[in-house]
Amino acid sequence: MLAKVQSGAVVGVDGLAVEVEVDIALGLPFFTTVGLPDGSVRESKDRVKAAIRNCGYEFPNRRITVNLAPADIKKAGAGFDLPMALGILAATETLQSTKLDHYWVLGELSLDGGLRPVRGVLPITLAARDLGMKGIIVPDANKMEAAVVDGIDVIAVDSLHQAVEFLADKRECAPFHLDPATSFAQARSHEVDFDEVKGQENVKRALEIAASGGHNILLKGPPGSGKTMLARRLPTILPDLSFAEALETSKIYSIIGLLPADMPLIATRPFRSPHHTISDAGLIGGGQIPRPGEVSLAHNGVLFLDELPEFKKHVLEVLRQPLEDGTVTIARANLSLKFPARVVLVVAMNPCPCGFYGDKRKECICNPMQIHNYTSRVSGPLLDRIDLHLEVAAVPFKEMSAERQGESSAVIKARVDQTRAVQKTRYAHHLKVFCNGQMGPKDIRKYCALDTSSSRLLEKSVEQLGLSARGYHRILKIARTVADMDGSEALQLSHVAEAIQYRRMA
C-alpha cells in the first residue's frame, strides 16, 4: 500500500513543501529512507518503530520504503518522525483519513509516542499558508510559534495517538489562536538605558547619528572607557521593529532553535556580540547544511565585535560583502542560499596592545612597531566600510561621581524616530533603501547635493585625509543624516563639517 503525508523543511530561511511517501510491500522486513536524508532523518526509523508499538498500534513486518520528495534537496532534522509514522499507519489502513491532503505535519517522536518540539516551525508554517493549506499539525511546544502566522489553522498535539485520533475524526482539536500584536507589544522592553552612562556626550551624539541613519560605527579607546557599555545601549534607541521585520528576524531564530518558549516573536532589535574566537562559518553562516551565522542573527539589529584586532583576519574579511549588500550568499556545488544580514555594525578596539596609547591617565608601554602590528590586524577595506570612526576617552572622576543622569534612551529614541520618519518618506518608492546608511551612488547624487563652500571643505578634507571614493560617499551619507536630525532639507556647511570629523581616523 502507498500513502502520502504532507510536511515541510527549511532551505535557507524559507520553508519548502516536502511530500513524505510511504510504500509498504511484501518482502523481508526492512526500513529504508530515500530522498537525501541526513543522519537524524535516517535514524527516524528506530524512533518511529518504537513509537508506533508503544502507542498500541501494529508495526508492519514488511519492506517499508519512505521517500522524501523533492529528492534532490538535503533533508535534515527530526521533524519528519511524525509524518513518517502517520504515513505507515495510513499505508496499513490503521489510519483512514481525508485530512492528510489538507494539513502539513511536523514533529519529533519520543520512544513512547510523545512529541518533542522541532526547529524551523515558523518559516514552514508561512510556506504552508502561502501554498493554500488548511492547517498544520505541530507539537504542543511549537504551537505559539506557528500561531503567529495568520490564515492557517494550527493544531497542537502532544502525542502520536492524539494526532491519529484527530485525523481519524475521533477527537476534536480546536485550532490554537494567538494575538501576536498584543504579545509583540508587551515584550518590547530593554534591561539597559542610556541614562546609566555618565559623560561621553560626544559618543552619545555619534551613536544617535548611527541609529538615525543606520550607520556603522567604530569605537576606539582605552580599557574601561565605556565602549561596550555604550554599544549595548544602541538597540534601545533604534526604531521599534515593525511586525514584518519581527517576523523576518524570528524566522532566523526559529531555524537555529533560539526562539524563547514563551515568546514566539523577537520583539526587540537583536544585539549579537560573538567572541573573537568565532570561525568564519560561525560569523556569516555555512556548514555542510548551510545555516545562518551571527551576522544573520543580528539581522534588523546590532552586530557588536569587541576587541576587533583579536578576531582572525580572514574572519573579518568575510564581513565585507554582507556589509555592502545586506545579505550573505553561501554557494555550494549544487545549492546557493541567501541569508538576510542587514545590521548596524559596531566595532570596538583598544589603540594598542596595552590599551593606553594616547591616554592621559596611564603611560603606554608599547613601542611603535607593536602598535603598528596591532592596528594593522584590521584591514583598510574593512575600516573603509565603517561610517563613523570615534575616539572614546576615559571618563573623568567628576563625571563618574556626578549624580546628574544623562538623557534616557526614550528621549533619544524619540528624536531618532522623528529622523527615521523623514527618511521613510524620502525612500518610500525604494524597495531596498530604508535609511541613509543604505543609499547607493544614485541616491547620494540625488539627496546629497552640496553648495560651493561645503564642496570646497569636503574636497580639502578628502585630499588631506587621503579618503577613498567609498569614504567620500560615507561622509555624504553621514552629513545627510545630520541634516535630517536638524530638520534641514539641504546639506549645510556645519553638517558636512561634523560628518568629516567622524572620518579623521579612517
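The values are calculated or read from the model by the stated rules, or taken from the named source; none is laboratory data. Remember, predicted model here, so these are calculated numbers, not experimental data. Heads up, the Cβs are rebuilt from the backbone with ideal geometry, glycines too, and the neighbour counts pull from every protein chain shown. We work out accessible area using only protein heavy atoms, side chains counted, and drop any ligands, DNA or RNA first. Shrake-Rupley method; radii C 1.70, N 1.55, O 1.52, S 1.80 Å.
Rounded to a whole number, what % of the accessible area of segment 425-475 do carbon and sulfur atoms account for, probe 1.4 Å? Of all accessible area on segment 425-475, carbon and sulfur atoms account for 54 percent.
Which longest uninterrupted range of the chain lacks any GluC sites (Glu not before Pro) assigned by DSSP to a loop state (not H, G, I, E or B) and surrounded by at most 13 other Cβ atoms within 10 Å? Result for the longest clean stretch: 192-362. I'd like the distance separating the alpha-carbon centroids of segment 377-430 and segment 235-252, in whole Å. The two parts, judged by their Cα centres, are 19 Å apart.
Local charge for residue 474 was computed over the other residues whose Cβ lies under 9 Å away, with Lys and Arg +1 and Asp and Glu -1, and equals +2. The alpha carbon gyration tensor of segment 202-323 gives principal lengths a ≥ b ≥ c with a/c of 1.5 or higher and a/b no greater than b/c, which makes the shape oblate. Assign one of three labels to segment 296-353, namely rounded, prolate or oblate, based on the Cα gyration tensor with a ≥ b ≥ c the square roots of its eigenvalues; rounded applies when a/c is under 1.5, prolate when it is not and a/b is larger than b/c, and oblate otherwise. Oblate.
Can you pull out the trypsin sites (Lys or Arg not before Pro) in segment 364-461 whose DSSP state is coil and whose Cβ has at most 13 other Cβ atoms within 10 Å? Don't skip to the answer; put the middle values down first.
On the way: sites: 377, 385, 398, 404, 413, 415, 420, 424, 426, 432, 442, 445, 446, 456, 460; in loops: 377, 385, 404, 432.
When the trypsin sites (Lys or Arg not before Pro) of segment 364-461 are filtered for loop state and at most 13 Cβ neighbours within 10 Å, 404, 432 remain.
Could you tell me which of rounded, prolate or oblate describes segment 357-484, using a ≥ b ≥ c as the square roots of the eigenvalues of the alpha-carbon gyration tensor, with rounded for a/c under 1.5 and, failing that, prolate when a/b is larger than b/c and oblate otherwise? Walk me through the numbers before you get to the answer.
Working: a/c = 2.22, a/b = 1.29, b/c = 1.73.
It is oblate, given that a/c is not under 1.5 and a/b is not larger than b/c.
Order 392, 411 by their accessible area, 1.4 angstrom probe, all chains in place, largest first.
From most exposed to least exposed: 411, 392.
Given +1 at the Cβ of Lys and Arg, -1 at the Cβ of Asp and Glu and no other charges, the dipole of the chain around its Cα centre is 1340 debye to the nearest 20.
Heavy atoms only, 1.4 Å probe, whole protein assembly: order 193, 46, 280 by accessible area, highest first. If you can, show how the numbers build up before the last one.
Details: 193 40, 46 100, 280 60 Å².
Accessible-area ranking of 193, 46, 280, largest first: 46, 280, 193.
Among the trypsin sites (Lys or Arg not before Pro) within segment 251-342, those in coil by DSSP and having at most 16 neighbouring Cβ atoms inside 10 Å are 312, 332. Surface listing: 356, 176, 339 arranged by accessible area from highest to lowest gives 176, 356, 339, probe 1.4 Å.
Over the chain, give the accessible area per residue in Å² for a 1.4 Å probe, as an integer. Mind dumping the intermediate values first?
On the way: 22950 Å² over 506 residues.
On a per-residue basis, the chain sits at 45 Å².
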